[in-house]
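Colleague: Just passing along the structure, written as structure tokens.
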Amino acid sequence: MVQFKTRDWLADDDAIAPSLEKWQRAVDLMTELLGATAGFIVEYNDRLGYRAAITSTNDANPYAGCDSTVTGLDTNIFCRQVIAQGGSFYEPDARGKSEWADNPELTEDGFCSYFGVPVTWSNGTIFGTICVFDCKPTQYSDTLQKLIETIRDLIEADLRLYEQFQIMRSISLSDQLTGLNNRAGFEMLAQQKIRIAKRYHHHIGLIFIDLDNMKHWNDDYGHAAGDAALKAVGTAITASIREVDICGRIGGDEFAILGYVRNRGDLTTIITRIRNVLQTARLLVPGSKKPIHETPKISAGASVFFEPVKETLEEMMDMADREMYRDKNRNR
């Protein structure tokens, strides 16, 4: 389902790459059979807008070979009607119609005909659309419309497989105690983030966190209390990071967070949030309702890697780890 997506756009996930090759062939064939100017699979993000995941490669398509750009949610484009209606939408000829007077696809690109159908996840949430555009009026028969719907069904079958893969990946790459990614899961997602950062010229920020005095928690309150302290740190991290950040428990009492940043201040804000959440944590002595009159405390190190990012993930983690130990020494 949608919650398994690990970034803003599914098309950026390496796990879907084999399907994208198949989708490309399907969109090219669909565009050829309909004699259309262009065909697309458009991905929808309810926070960011619309972005082409697949673009037909025919010569008539002005967007063939272009990098995908994001169209805002408020832009009056044809796909917006598909999303709003949750069903197929056909506009044979938009010329001269007031409702499309500010549609850039008509006014700037010259697309006057559109047919699109929604593509959904297994729970019914909209993934996006599969659609065709033409610079001349069209009269698509019911058979041609059903052809596009059939191609849509094949795309949705791939999305179901992707969901199942994500479920299995989540099970194998999760830390059972905290529910965060384990080290393998964190490193896999981090490598994907770094590749995207290099492609789109983002700065990368990495935070290393260590639970202070883990031995004290285990020795004085019991190992169950130590586990509770680790869970509290995991909960604080989850509550404090942004939706696009990734995090994981990468060792016994060590955690990491990675995301796109503007500057070091973004990382400092996250660390402050985590510490504030931990100050409100209320833990109990294992086997009783007696409260522990202290809260977990952390040491944290942060490093920013400005684009063009040249460091490897291993080098990033090493630098943030050293910063974390400097913080730990200051806290002693």
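The values are calculated or read from the model by the stated rules, or taken from the named source; none is laboratory data. Because the structure is predicted, anything quoted here is derived from the model rather than measured. With ideal geometry, Cβ positions are generated from the backbone for all residues, glycine too; neighbour counts draw on all protein chains shown. Just the protein is used for accessible areas: all its heavy atoms, side chains included, with ligands, DNA and RNA removed. Shrake-Rupley method; radii C 1.70, N 1.55, O 1.52, S 1.80 Å.
Colleague: Using only the alpha-carbon atoms, how far is helix 223-240 inclined from the longest principal axis of the chain? Give it as 0 to 90 degrees, nearest 10.
Modeller: 40
Colleague: Tell me, what is the FRET efficiency for Asn218 and Ser122 to the nearest 0.05, using R0 = 45 angstrom and their Cβ-Cβ distance as r?
Modeller: Given R0 = 45 Å and the Cβ-Cβ separation, E is 0.55.
Colleague: Follow-up. Quick one: if the Förster radius is 41 Å, what FRET efficiency do Asn331 and Ala84 give, using the C-beta to C-beta distance and rounding to 0.05?
Modeller: Computed FRET efficiency for Asn331 and Ala84: 0.15.
Colleague: Using DSSP loop states and a limit of at most 14 other Cβ atoms within 10 Å to flag GluC sites (Glu not before Pro), what is the longest stretch of the chain containing no flagged site?
Modeller: Longest gap between qualifying sites, sites excluded: 109-242.
Colleague: Now, a different point. If you fit an axis through the alpha-carbon atoms of helix 17-34 and take the longest principal axis of the Cα set of the chain, what angle between them do you get, 0 to 90°, nearest 10?
Modeller: 10
Colleague: Tell me, what % of the accessible area of the chain is carbon and sulfur with a 1.4 angstrom probe?
Modeller: 51
Colleague: If you scale each eigenvalue of the Cα gyration tensor by 5 and take the root, what three semi-axes come out for region 100-251, rounded to whole angstrom and sorted largest first?
Modeller: Largest first, region 100-251 gives 48, 19, 12 Å.
Colleague: Using a Förster distance of 35 Å, how high is the FRET efficiency between Leu33 and Thr69, based on the Cβ-Cβ distance and rounded to 0.05?
Modeller: The calculated FRET efficiency here is 0.80.
Colleague: Any idea of the accessible area per residue across the chain, 1.4 Å probe, to the nearest Å²?
Modeller: Per-residue accessible area for the chain comes out at 49 Å².
Colleague: Still on this model: Return the whole-Å distance between the Cα centroid of region 246-315 and the Cα centroid of region 113-173.
Modeller: 39
Colleague: Scan region 228-289 for trypsin sites (Lys or Arg not before Pro) in coil per DSSP, keeping those whose Cβ has at most 11 other Cβ atoms within 10 Å, and list them by number.
Modeller: Answer in residue order: Arg262, Arg282, Lys289.
Colleague: Over every pair of different alpha-carbon atoms in region 175-313, take the mean of 1/r and invert it; report that Kirkwood radius in Å.
Modeller: Evaluated over region 175-313, this radius sits at 15.6 Å.
Colleague: Take Thr295 and Arg242, extend 7 Å from each Cα along the Cα→Cβ direction, and tell me the distance between the two endpoints in nm.
Modeller: Each label point lies 7 Å from its Cα, and together they span 2.5 nm.
Colleague: Quick check: residue separation of Asn276 and Ala17 times 0.36 nm, minus the Cα distance between them. What number comes out in nm?
Modeller: The span from Asn276 to Ala17 would gain 89.2 nm if fully extended.
Colleague: Oh, and also: Kirkwood Rh over alpha-carbon pairs of region 1-120, then Stokes-Einstein at 4 °C and 1.567 mPa s: what D in µm² s⁻¹, rounded to an integer?
Modeller: Stokes-Einstein gives a translational diffusion coefficient of 85 µm²/s.
Colleague: Could you please report the charge total around Gly301, scoring K, R as +1 and D, E as -1 over all other residues with beta-carbon less than 10 angstrom from its beta-carbon?
Modeller: -1
Colleague: Oh, and also: Given the C-alpha centroids of region 174-205 and region 33-97, what is the distance between them in whole angstrom?
Modeller: So the separation of the two Cα centres works out to 30 Å.
Colleague: What does the charge count near Pro18 come to, summing +1 for each Lys or Arg and -1 for each Asp or Glu among other residues with Cβ under 14 Å from its Cβ?
Modeller: Computed value for this residue: -2.
Colleague: Continuing with this model, one more query. Which whole-number value in Å³ per residue fits the convex hull of the alpha carbons of the chain?
Modeller: About 155 Å³ per residue, rounded to a whole number.
Colleague: Do any of Lys22/Lys136; Lys193/Lys310; Lys198/Lys310; Lys193/Lys328 go past 19 Å between their Cα atoms, and which?
Modeller: Distance filter (> 19 Å) returns Lys22/Lys136; Lys193/Lys328.
Colleague: If you don't mind, there's one more thing I want to ask. Relative to the longest principal axis of the C-alpha atoms of the chain, give the angle of the C-alpha long axis of helix 183-200, reported between 0 and 90° and rounded to the nearest 10°.
Modeller: Value to nearest ten degrees: 50.
Colleague: Can I ask one more? Using DSSP to define loop residues, name the trypsin sites (Lys or Arg not before Pro) in region 1-81 whose beta-carbon has at most 12 other beta-carbon atoms within 10 Å.
Modeller: Here the trypsin sites (Lys or Arg not before Pro) that fit, given the DSSP loop and packing criteria, are Arg47.
Colleague: May I ask for the percentage of alpha-carbon pairs in region 249-332 that lie more than 15 Å from each other?
Modeller: Of all Cα-Cα distances in region 249-332, 67 percent exceed 15 Å.
Colleague: If you don't mind, another one. Which percent, nearest 5, of DSSP beta bridges in the chain are antiparallel?
Modeller: 100
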